[in-house]
1. Out of 55, 109, which single residue is in contact (Cβ under 8 Å) with a residue 40 or more places away in the chain and either surrounded by fewer than 17 Cβ atoms within 10 Å (Cβ to Cβ) or among the β-branched types (Val, Ile, Thr) (or both)?
2. Does at least one position in the stretch 226-238 carry a residue that is in a helix (DSSP H, G or I), hydroxyl-bearing (Ser, Thr, Tyr) and farther than 24 Å from residue 84 by Cα?
3. So residue 161 clears everything in (1) among the aliphatic types (A, V, I, L, M); (2) farther than 21 Å from residue 229 by Cβ; (3) touching a residue at least 60 places away in the same chain (Cβ under 8 Å) except one condition, right? Which one?
4. Of the conditions (1) touching a helix residue (DSSP H, G or I) at 6+ places or on another chain (Cβ under 8 Å); (2) closer than 22 Å to residue 8 by Cα; (3) more than 16 Å from the ligand (Cβ to nearest atom), residue 151 satisfies every one except a single condition; which number is it?
5. Determine if the stretch 312-328 includes at least one residue that is part of a helix (DSSP H, G or I), within 16 Å of the ligand (Cβ to nearest atom), closer than 17 Å to residue 98 by Cα and under 18 Å from the mean Cα position of the chain (by Cα).
6. Please count how many residues of the stretch 235-268 are touching a helix residue (DSSP H, G or I) at 6+ places or on another chain (Cβ under 9 Å) and farther than 18 Å from residue 353 by Cβ.
7. Every residue in the stretch 252-270 that is away from the ligand (no atom under 16 Å from the Cβ) and in contact (Cβ under 8 Å) with a residue 24 or more places away in the chain, please.
8. I'd like the full set of residues that are surrounded by 17 or more Cβ atoms within 10 Å (Cβ to Cβ) and not polar (S, T, N, Q), limited to the stretch 1-33.
Amino acid sequence: MISYGRQSIDDDDIAAVTAVMKGDWLTQGPAIEAFEQGIIRDTGARHAIAFANGTATLHGCTVAAGLGPEDVLATSPLTFMASANCGRYVGASIDLIDIDPATLNLDPTKIGSDVDALVAVHYAGLPVDLRALNRRPRVVIEDAAHALGAMTPDGPVGNCAHSDMCSFSFHPVKPVTTGEGGVVTTNSDELAERLRRFRSHGIVRQPELGGWYYDIADLGFNYRLTDMQAALGLSQLNRLHRFIDRRNAIADRYRLLLADLPVTLPPAAPEGFRHGYHLFAIQVPDRPRVFAALRDAGIFVQVHYVPVYAHTISADIGKSAADYPNCAGVYEGLISMPVYPDLTDDEQDYVVATLRAAL
Ligand SMILES: *Cc1c(COP(=O)(O)O)cnc(C)c1O
């Protein structure tokens, strides 16, 4: 099947998962820390905390940051709802910052004076330039679900050079997968400690009171990853750079093959940045017809995303498409074309030929 995105699994991945299944620990075992160390190696952050999924990581970020009903959390309108919902989970108000059509990311120079927390989404794998913030809110969280393996002039996404915490997802379409999974990176010892507690019921072990003893002072969840998933993630990290290279090669090839078509190509990475190409989102005229033609030809394209303001849950934000003209304009034509490491040149040629015929 040709889809907009999919996992790449090899025999080493399968062997890594099988080895865990034959061992002592299916959850809360050593594979979790090994995976977290792999993320630390690849991002350069001080801490990495694995979670059950990327939505749980974002929830962990807003709780660890101490956000609450007094606070305003701002994010991009062009994102998956989890980027905004993490504010709702702690009762914060949600604000949206229109995108810059040159990057499709929220415009970092438009952070309002009332924003307490920013969730900067690296849309499609192109990092938001956090050096350009017009003001730094109290809390800066990166939603890097699309951007593991992407680079900024200050190093790998996830090193938290300009943020408090950075959240990753390991859903099968994301840069590497654990089936379901997430990781938060941070350079703060205190935030790391809170994230660990929150992930596991708020439990704090107190061996000085007995080997069995633990205390729970704060509300937590069971947001843990399993050891099978962590082993898959660690094995996948061995191929992270190969995956991102392949995604970039597919993107370069699309740019050549689509050059003469009436489509808007996605923004390329500016000088000093490396794009992750989680998505290759083009803008086409007459999107409903083109979308249907691609789906009819067996190409499972998708639209990323129905804007946050358009959903029923966002009625309380009190805004509409007219308030976010850049996002609304881009959304009209968006289609995510297939991009994933195992997509072959022949498959890409078929996708391009189908698109060409539809246009
Ligand atoms: C996938 C995704 C998430 C959520 O991750 P899950 O692991 O699916 O919970 C959050 N934000 C963005 C932008 C995503 O694409």
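The values are calculated or read from the model by the stated rules, or taken from the named source; none is laboratory data. Everything numeric in this text was worked out from a predicted model, so none of it was measured. With ideal geometry, Cβ positions are generated from the backbone for all residues, glycine too; neighbour counts draw on all protein chains shown.
1. Residue meeting the stated conditions: 55.
2. yes
3. (3)
4. (1)
5. no
6. The number of residues fulfilling the criteria is 14.
7. 253, 254, 257, 258, 261, 262, 263, 264, 267, 269, 270 - these are the residues of the stretch 252-270 that are away from the ligand (no atom under 16 Å from the Cβ) and in contact (Cβ under 8 Å) with a residue 24 or more places away in the chain.
8. Answer for the stretch 1-33, where residues must be surrounded by 17 or more Cβ atoms within 10 Å (Cβ to Cβ) and not polar (S, T, N, Q): 2, 4, 5, 6, 13, 16, 17, 20, 29, 31, 32.
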